[in-house]
1. Considering region A:37-62 alone, what residues qualify as being more than 10 Å from chain B (Cβ to nearest Cβ) and closer than 30 Å to B:R131 by Cβ?
2. Take B:D144 and tell me if it is without any contact (Cβ under 8 Å) to a residue 40 or more places away in the chain and either assigned to a strand (DSSP E or B) or of a type in the set (D, E) (or both).
3. Take the residues of region A:9-49 that are among the polar types (S, T, N, Q) and open to solvent by 30 Å² or more (accessible area, probe 1.4 Å): which is farthest from A:D70 (Cα to Cα)?
4. Can you tell me how many residues within region B:163-180 are within 13 Å of chain A (Cβ to nearest Cβ), of a type outside the set (S, T, N, Q), over 13 Å from B:W146 (Cα atoms) and part of a loop (DSSP other than H, G, I, E, B)?
5. Out of region A:63-87, which residues are farther than 22 Å from A:E26 by Cβ, in contact with a helix residue (DSSP H, G or I) (Cβ under 9 Å, 6 or more places away or on another chain) and either outside any strand (DSSP E or B) or within 14 Å of chain B (Cβ to nearest Cβ) (or both)?
6. Within region B:70-81, track down each residue that is free of Cβ contacts under 8 Å to residues at least 60 places away in the same chain and out of contact with any Phe, Trp or Tyr (no Cβ under 6 Å at 6 or more places or on another chain).
7. Give me the residue from region B:42-56 that is open to solvent by 10 Å² or more (accessible area, probe 1.4 Å) and within 14 Å of the chain's Cα centre (by Cα) and, out of that set, modelled with the lowest pLDDT.
Amino acid sequence: MTAPTGSRIVHDWFPQPLPTNVVLGERSWLYSAYAFVHCRSRRPVAVRIGADSGVYHGSFFDLGPDGEVDIGAFTTVVGAIFATDGRIAIGDHVMIAHEVVLADGFAATPDAPALGRPAVASRGEAPVIEIGSNAWIGMRATLLAGARIGRDAIVAAGAVVDFEVPAGAIVAGVPARIVGSCTARP
Amino acid sequence: MEAHEVDAITGRFDHATLPANVKTGRDVWIERRASFARCRSAYRPGCVLGDRVRVHAWTTFNIEPDGSVEVGDDTVLVGATLLCAGRIRIGRGVVVSYGVTIADCDFHPIDPAARRLDAEANAPAADRSRRPPLVPRPVEIGDDAWIGIGAIVLKGVRIGRGARIGAGAVVTGDVADGVTVAGNPARVVAAGEVPR
């Protein structure tokens, strides 16, 4: 696809252009500008989608004034809700299944205030939620503030995570626990 | 079983066509033909619905070319997302509630290196035929079982007759006849009797 920012997506049914602070990489695919209907970010780049990545139906970027989502290359987002007024960073080759929620407690209501964070220009803090490259987030998993998913790790279906998951680990359950490793399998 | 006309398809918005390899019993009710839009089974039939099966609008049959689904008589599928790469068999008189997912495959490799190749083959402009092979394990749901709201039933699971799956449960292992399970991962919370 590769639509210039602020333009209409060719296949889009939603009659609005992409927000000007959304950047799509080469050969990436985004289902609709509808994904940004609750995007209130004033960051210079609110959402960056890397090359060869796909963001599919049911994904939403519910960002507050300071919200920012960075998605790498060859990453597939089948259907995730990103609700944040901070920064969410997602690596390359990440797979995110349907009905996944990544949220830091911010709700993108029309009059939502910034959560007392520093002004836009001065912020350089660590992401509130981070997913390392080649990780796999199973269907209907929930990642809350503090979730840091290591490289190659797997978050199983329906798991709720708000902690650091080591590289290559498999976590499952509510609350999530480490149940195995995908590099050294039993 | 002979193929029958579907009893009623409601909704003028429904412009989809029922795939030819969906075989339906007597008095089947399908609210929305688009529920079968992703039925890509190469089998004939690739999806068999028994007599009086009711398929509500929120149900979707996502069947890969090598997959097939069978649904027994009098079963009600309210909101089942069926993800099938091999075989899913649902018995008679089963009730599957809103927002339930039943998957007979992980659909991606556990091994990080293979998973990386899968991610690249799934890119918007990539060739999906280069994906690593899917490894399904059949799912079987016994007669008269109930699957609660939002439950997830994963590959290789056998749910016994008359079993009850609590709302939001993630079922990763077999469930014996008549018992009730709940939670993530699902645990037995009540023994029970198998209904006659």
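The values are calculated or read from the model by the stated rules, or taken from the named source; none is laboratory data. The structure presented is a predicted model; accordingly, all values stated were derived computationally and were not measured. All Cβ positions, glycine included, derive from the backbone under ideal geometry; neighbour counts span all protein chains shown. For accessibility, only protein heavy atoms count, side chains too; no ligands or nucleic acids. Shrake-Rupley method; radii C 1.70, N 1.55, O 1.52, S 1.80 Å.
1. Going through region A:37-62, the residues more than 10 Å from chain B (Cβ to nearest Cβ) turn out to be A:37-50, A:57-62.
Result: A:V47, A:R48, A:I49, A:G50, A:H57, A:G58, A:S59, A:F60, A:F61.
2. no
3. Only one residue fits best here, namely A:Q16.
4. Number of matching residues: 1.
5. The answer is A:P65, A:D66.
6. B:E70, B:V71, B:D73, B:D74, B:T75, B:V76, B:L77, B:T81
7. Only one residue fits best here, namely B:H56.
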